[in-house]
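Peer 1: Quick one: this structure, given as structure tokens, is what I'll be asking you about.
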Amino acid sequence: SRPTCRETYARMLLAASPQLFAPVVAPPCPTPAAGSLAAAYPLEPHELAGPSAVQHACSLERYLERQPLPPHTHDAFGELTAWLDAAGERPLILDSGCGTGLSTRALALAHPQSLVLGVDRSGDRLGRRLGPHKTGKDAVPPNALLLRAELATLWRMLQMSGRRVDHHLLLYPNPYPKPRQRGRRWHFHASLPLLLALGGSLEVRSNWLPYLLEFRAAVQAVAASPAAPPHVRQAAARKLPLGLTRASLPAAEDGLTLFERKYWTSGEGLYRLASPGALEPVSGRVVRQYLEALGGRREVARAAAESCADGVAQTP
């Protein structure tokens, strides 16, 4: 009889190099904060995390054939291409699911020699105010760009264009903790091979520890699977070992996203999964300083324009 996916996966594990499955930290994962969401779940990846990732790696071509290209993402990629061409060859940092763009701004300010691309599917989130400060595409550092696009499609178009991503961040993606929502987690999604193939380092943060354990198990399984396409298997292997640590913040304002600030304030655990070469953590505190300075310059420019207009109006 034909072996089940789980049986096939078991044989893959037996054939895999032990180094690929060695514990990344000792103990294998941080202890979750008492009373946190992570503490209510077993501290081990879901048994289907690995088999699902391998299955998606094997069926990548079929996924690409069936996946449509949303018009707004296609238009956004045109804007991105023009921006990249104008900026020249500089390291590219991708902030996937950037929400309000707080993290995109902080990364751009911390890495002025790099280009930072923030992508979110919600135009409302991208235009939301950060505290008292007006935000939007005109309120970002010159080396940053905010785009509304579907992530999986944008990853696909980046890969098709041959543009390398030097550092990729997924900061507090929706963990979809309910069992029936499991397929919506990125490591259970059919686009996982595209995410891995973007190149560069990878960092994922979450307050839900099982999410990161599953993500790590999925990448390890693809890297060890002889059934996965070679380019996907090699891309996954380059992400290993994925170090899992517990993050800490000096204060809420140092959070890189609004969710990170919220979780820190409420006492939730903050966890970080990072591949070799990942960026050093940066503080979100610099964004407030940047927006305040930007607002001050705008007030000066507005006052100068009004003064000039008054002078013209009073000229006989």
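Peer 1: Enumerate the amide H contacts of Leu170 below 5 Å, restricted to partners 5 or more residues apart or on another chain; note that Pro and chain-start residues carry no placed amide H.
Peer 2: Those qualifying (amide H under 5 Å, at least 5 residues apart or on another chain) are Glu203, Val204, Arg205.
Peer 1: What's the long-distance tail for region 54-211, i.e. % of Cα pairs beyond 23 Å?
Peer 2: Working: 4610 of 12403 pairs.
It works out to 37 percent of all Cα pairs.
Peer 1: Additional query: Does region 173-248 come out rounded, prolate or oblate by the C-alpha gyration tensor, with a ≥ b ≥ c the root eigenvalues, rounded set by a/c under 1.5 and, if not, prolate when a/b is larger than b/c and oblate if not? Could you put the intermediate results ahead of the total?
Peer 2: Working: a/c = 2.03, a/b = 1.34, b/c = 1.52.
Oblate is the answer for region 173-248, as a/c is 1.5 or above yet b/c matches or exceeds a/b.
Peer 1: So, R0 is 41 Å and r is the distance between the beta-carbons of Thr265 and Ala87; what FRET efficiency does that work out to, to 0.05? Intermediate values should be presented prior to the final figure.
Peer 2: Details: r = 36 Å, r/R0 = 0.88.
That pair, Thr265 with Ala87, gives E of 0.70.
Peer 1: Suppose accessible area is computed on protein heavy atoms with a 1.4 Å probe; arrange Phe188, Phe259 from highest to lowest.
Peer 2: Phe259, Phe188
Peer 1: Sticking with this structure for a sec: Determine, for each peptide in 265-277, 202-214, 80-92, the mean count of other beta carbons within 10 angstrom over its residues, then list the peptides with the highest first.
Peer 2: Averaged packing, sorted descending, gives the order 202-214, 265-277, 80-92.
Peer 1: Quick check: from the Cα gyration tensor, does region 123-238 come out rounded (a/c under 1.5), prolate or oblate?
Peer 2: In terms of gyration-tensor shape, oblate.
Peer 1: Full extension from Glu65 to Glu47: what is 0.36 nm times the residue separation minus their Cα-Cα distance, to one decimal in nm?
Peer 2: So the extension gain works out to 3.6 nm.
Peer 1: For Cys58, Cys98, give me the order by solvent-accessible area with a 1.4 Å probe, most accessible first, ignoring ligands, DNA and RNA. Don't skip to the answer; put the middle values down first.
Peer 2: On the way: Cys58 70, Cys98 10 Å².
So the residues, ranked largest to smallest area, are Cys58, Cys98.
Peer 1: While we're on this one: So if I take the centroid of the Cα atoms in region 47-69 and the same for region 174-189, what is the distance between those two points in Å?
Peer 2: Region 47-69 and region 174-189 have Cα centres separated by 15 Å.
Peer 1: Okay, moving on. Would you mind estimating how fast region 36-122 diffuses translationally, via Stokes-Einstein at 20 °C and 1.002 mPa s with the Kirkwood radius over Cα pairs, in µm²/s?
Peer 2: Roughly 129 µm²/s, to the nearest whole number.
The values are calculated or read from the model by the stated rules, or taken from the named source; none is laboratory data. A quick note: this is a predicted structure, and the numbers were derived from the prediction, not measured. So basically every Cβ, Gly included, is an ideal-geometry build from the backbone, and we count neighbours across all protein chains shown. Calculation scope for accessible area: heavy atoms of the full protein, side chains included, ligands and nucleic acids excluded. Shrake-Rupley method; radii C 1.70, N 1.55, O 1.52, S 1.80 Å.
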